[in-house]
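Scroll down for the structure; my scribbles are underneath it.
The values are calculated or read from the model by the stated rules, or taken from the named source; none is laboratory data. In this text, all values refer to a predicted model and were calculated from it rather than measured experimentally. Heads up, the Cβs are rebuilt from the backbone with ideal geometry, glycines too, and the neighbour counts pull from every protein chain shown.
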Amino acid sequence: MKLPRQNESEHARRVRALADQLRANGIESWIDQYVQDPDEGWPKWMRDQVKEADKVLLVFTRTYQRRFEGDEEEGKGLGATFEGAIVTQSLYESGGRNRKFRPVALREEDEQFITVELRRFNRYRVDTPEHYQNLLRWWLEAPRITAPTVGRTPDLPPEPGVELFARRPDEPPLSAVTSPPGSEQGTAVRQPTLLGISKSVETVEGVLTFGSGSWRMANSAAWPPGKKMGDAISPPGGYVGGGLQMQVDIDIDPAGNVWVSNNWQNLESVLDRNAESLSTRGGGQGVVVFYGLAKPVRTPLIGPVQQP
């Protein structure tokens, strides 16, 4: 590091004190007071010091500003004027980017004399230990505050969709589904969810279709009283309860019992990210049996289902 030469007696003493303190803190600083008479002469010595230094501190006063900017009386302060030319040219050639030069004020009132080329950079006062520490932090690249490590982004699910029609809390949403074989097509029926899996099973009464909790019978002869083609024969909200979840598969045993396997125990685990403890609960874990829902049949080896 290079501190510019200053010749005023009291000011020179304080500049030397700053250079001595920097060296005590592990920074190799140089000022002209450390050199008696350079063999290469003062102009070359100053140019080489600025060129070789990693950082240069410029200690400004009213007199130094006047000489730095070339406004001093002719023949006076030529060393400071030469330093000003070197620093100004270096800033010009770097396109204004500046990692090397920083202005320093030994007193608060000296800050007003910092040259305009350096006013847009941080200035450092060294009149108190706290101010001096700020200078050390810049030199040692040890900022007072550092940015914390970037964490994980939060889970921000979208807002749920808005339904067109109001419904009762226990009523499933309305969705258009394809009616089972043999019925009118395109009939709108109530289903608990849009993610149901449908399957048809042939029984003695006709084709029994289930999906998402709703059950429909395609054979008009087997419709319950008051039902018409395409109506669900299950309750309005579908078959729901503590055991019945979202149906995945269905079968009827020879005794006429309907066996239903479940899935979608926890919908959030299927549709979106969920807590780790719930992440595996997308699949169901139970079987529900409807005893006597169909008439007893026997399972033939070949051919359609027949009554015993």
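Worth pointing out:
- Tabulated pairs, segment 32-47, first free of Cβ contacts under 8 Å to residues at least 60 places away in the same chain, second part of a loop (DSSP other than H, G, I, E, B), C-beta under 6 angstrom, 6+ apart or interchain: D32/R5; W45/P38
- In the set R107, R137, R97, R125, only one residue is within 29 Å of G26 (Cβ to Cβ), out of contact with any Leu (no Cβ under 6 Å at 6 or more places or on another chain) and exposed (fewer than 10 other Cβ atoms within 10 Å of the Cβ); that residue is R97.
- Test for A80: is it in the same structural domain as N134 (by TED's automatic domain parsing), buried (at least 17 other Cβ atoms within 10 Å of the Cβ), of a type in the set (G, A, S) and within 22 Å of W139 (Cβ to Cβ): no
- Residue selection: V116 fails the criterion of being among the β-branched types (V, I, T) and in contact with a strand residue (DSSP E or B) (Cβ under 7 Å, 6 or more places away or on another chain).
- When segment 73-91 is filtered for residues that are more than 21 Å from R125 (Cα to Cα), in contact (Cβ under 8 Å) with a residue 24 or more places away in the chain and of a type in the set (A, V, I, L, M), the ones remaining, listed by number, are I86, L91.
- Of all residues in segment 109-129, those being among the acidic types (D, E) and either closer than 19 Å to D20 by Cβ or in contact with a His (Cβ under 7 Å, 6 or more places away or on another chain) (or both) number 1.
- Segment 53-72: number of residues that are touching a residue at least 40 places away in the same chain (Cβ under 8 Å) and more than 15 Å from R102 (Cα to Cα): 3
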